[in-house]
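The structure appears right after this line, and notes come after that.
The values are calculated or read from the model by the stated rules, or taken from the named source; none is laboratory data. If you're wondering where the values come from, they're calculated on a predicted model, not measured in any experiment. No Cβ is skipped: glycine too gets one built from the backbone with ideal geometry, and neighbour counts run over all protein chains shown. Just so you know, the surface numbers come from the protein's heavy atoms only, side chains and all, with ligands and any DNA or RNA stripped out. Shrake-Rupley method; radii C 1.70, N 1.55, O 1.52, S 1.80 Å.
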Amino acid sequence: MIANQIGLQTGTLLINLKCPECGTLHNAAAVNTVCVNEACRSTLFAQYNLSAGISKTILQGRPATMWRYKEFLPVIDEKNVVTLGEGFTPIIPVENLKSFTEGNEVFWKDESGNPTGSFKARGISAAVSKAKELGIGAIATPTAGNAGGALAAYAARAGIKAVVYMPKLTPKVFKDECHLYGAELVEIDGNISDCGKLVNEHALVNGWFQVSTLKEPYRLEGKKTMGYEIAEQFNWQLPDVIFYPTGGGTGLIGIWKAFDELEQMGWIGSKRPRMVAVQSESCDGIVKAFHAGNYVSEFTDGGFTIANGLRVPKPYADKVILRVLRESKGNAITISDEEMSIAIKEIARNEGMLIAPEGAALWQAYKKLKASKWIQPGEQALLINTGSGYKYLENIVI
């Protein structure tokens, strides 16, 4: 068993990889992408020995990064951990907009302080660390912006070649950071799905490993640490509602996976937040599918949005995203670019936070669901701001 081999090193409890759709097990010591079952091809979930009787007291005195949860992350040898200090981002209460939050406690989990300015650092740290451990020498990804910059940075740290495919309409700062970190940048006329098709073709020819969203197992593991942190920062009592900006949906799925793992270990109870997927009017296939009662989403691309990360016409794991929304008795809501722009300014001028448009969409979603009474008095709401607004200034009309 992998867990027995690694106990002297990171202490990870990793056992194998499992397909959540068909149940097929995969060897975590090998290079994996998606399920080998051709009828399935689902994202793979890392499985851990959660019956090992580990107490949450192991966290005492550990560094305030996502690697404090190393037993529940997939890296075997500590020397393969590629980190820039990502994770354990703050929980910040809404202080000065009480006219909108009256009757509720509303908090931001602010991911903008992560390396390269977004939550993408978490998933990329885990994926690049595991790639290093598996001896992978070149990694490629399609990106709407932040994931490309994160991959460029972490690959540079690991000494691994990075190739980033990015839409031409992406703000220049995202392209500049890829160049500065030494990645090979390929600009594409089109959206992230068009980038993904080219990455597929070129990776096969060039022997690159792809870390496309939810087409490999380990970005999900890095993103799930948001769920571990939320539980720890709320003293192991989860908020009632979590708002999540949903492009590819890795973080939403990862947070839900984290809560399941924590319950299996007895660190939290069975209570779960209602999860809310927030999308741009440009790409709102998940919202439409959720409200239509469908279990997959349709390809939906309305073109440019100021929230680059939300321009994902059809998430690869749409079935899993929709399943989480329904299991949590959650919701899905669409926000326009105009509404995001208003929210960016409202939060900046009243709370002193310059948040990403994706995060701004959550604020408007919260206000709408509160006004509709879907959010009840006395409930706690957590909004996950996924990145820094400084990187989007090119998209924002001031």
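I need the full set of residues from segment 81-123 which are assigned to a helix (DSSP H, G or I) and within 15 Å of residue 388 (Cβ to Cβ), in order please.
Result: 111, 112, 113, 115, 116, 117, 120, 121, 122.
So which helices (runs of 4 or more DSSP H) are wholly in segment 302-394 and hold at least 3 residues that are touching a strand residue (DSSP E or B) at 6+ places or on another chain (Cβ under 9 Å) and farther than 30 Å from residue 41 by Cβ?
Output list reads 337-351, 357-371.
Which pairs have Cβ atoms under 6 Å, sit 6 or more apart or on different chains, and link a residue in segment 306-319 that is of a type in the set (Phe, Trp, Tyr) to one that is buried (at least 24 other Cβ atoms within 10 Å of the Cβ)?
316/214
Report the residue count in segment 359-375 for those that are over 18 Å from residue 99 (Cβ atoms) and open to solvent by 10 Å² or more (accessible area, probe 1.4 Å).
1
Mind listing just one residue for me: the one in segment 243-297 that is assigned to a loop (DSSP other than H, G, I, E, B) and aliphatic (A, V, I, L, M) and, of those, surrounded by the most Cβ atoms within 10 Å (Cβ to Cβ)?
268
For segment 181-202, name all the residues that are surrounded by 19 or more Cβ atoms within 10 Å (Cβ to Cβ), part of a helix (DSSP H, G or I) and of a type in the set (A, V, I, L, M).
Those that are surrounded by 19 or more Cβ atoms within 10 Å (Cβ to Cβ), part of a helix (DSSP H, G or I) and of a type in the set (A, V, I, L, M): 192, 199.
Which residues, counting only those in segment 203-216, are surrounded by 15 or more Cβ atoms within 10 Å (Cβ to Cβ) and among the small types (Gly, Ala, Ser)?
203, 212
When segment 1-51 is examined, which residues are found to be farther than 24 Å from residue 266 by Cα, modelled with pLDDT of 95 or more and in contact with a helix residue (DSSP H, G or I) (Cβ under 7 Å, 6 or more places away or on another chain)?
Matches in segment 1-51: none.
Please tell me if residue 300 is free of Cβ contacts under 8 Å to residues at least 40 places away in the same chain, closer than 26 Å to residue 190 by Cα and either within 18 Å of the chain's Cα centre (by Cα) or open to solvent by 10 Å² or more (accessible area, probe 1.4 Å) (or both).
Yes; evaluated as a whole, the condition is true for this residue.
Within segment 221-240, is even one residue of a type in the set (A, V, I, L, M, F, W, C), out of contact with any Pro (no Cβ under 8 Å at 6 or more places or on another chain) and either open to solvent by 10 Å² or more (accessible area, probe 1.4 Å) or part of a loop (DSSP other than H, G, I, E, B) (or both)?
Yes, because at least one residue in segment 221-240 is of a type in the set (A, V, I, L, M, F, W, C), out of contact with any Pro (no Cβ under 8 Å at 6 or more places or on another chain) and either open to solvent by 10 Å² or more (accessible area, probe 1.4 Å) or part of a loop (DSSP other than H, G, I, E, B) (or both).
Starting from residues that are in contact with a helix residue (DSSP H, G or I) (Cβ under 6 Å, 6 or more places away or on another chain) and either aromatic (Phe, Trp, Tyr) or open to solvent by less than 30 Å² (accessible area, probe 1.4 Å) (or both), keep the ones in segment 323-336 and report whichever is nearest to residue 361 (Cα to Cα).
335
Could you check segment 51-75 and list, in sequence order, the residues that are within 18 Å of residue 14 (Cβ to Cβ) and among the hydrophobic types (A, V, I, L, M, F, W, C)?
Within segment 51-75, 52, 54, 58, 66, 67, 72, 73, 75 meet the criteria.
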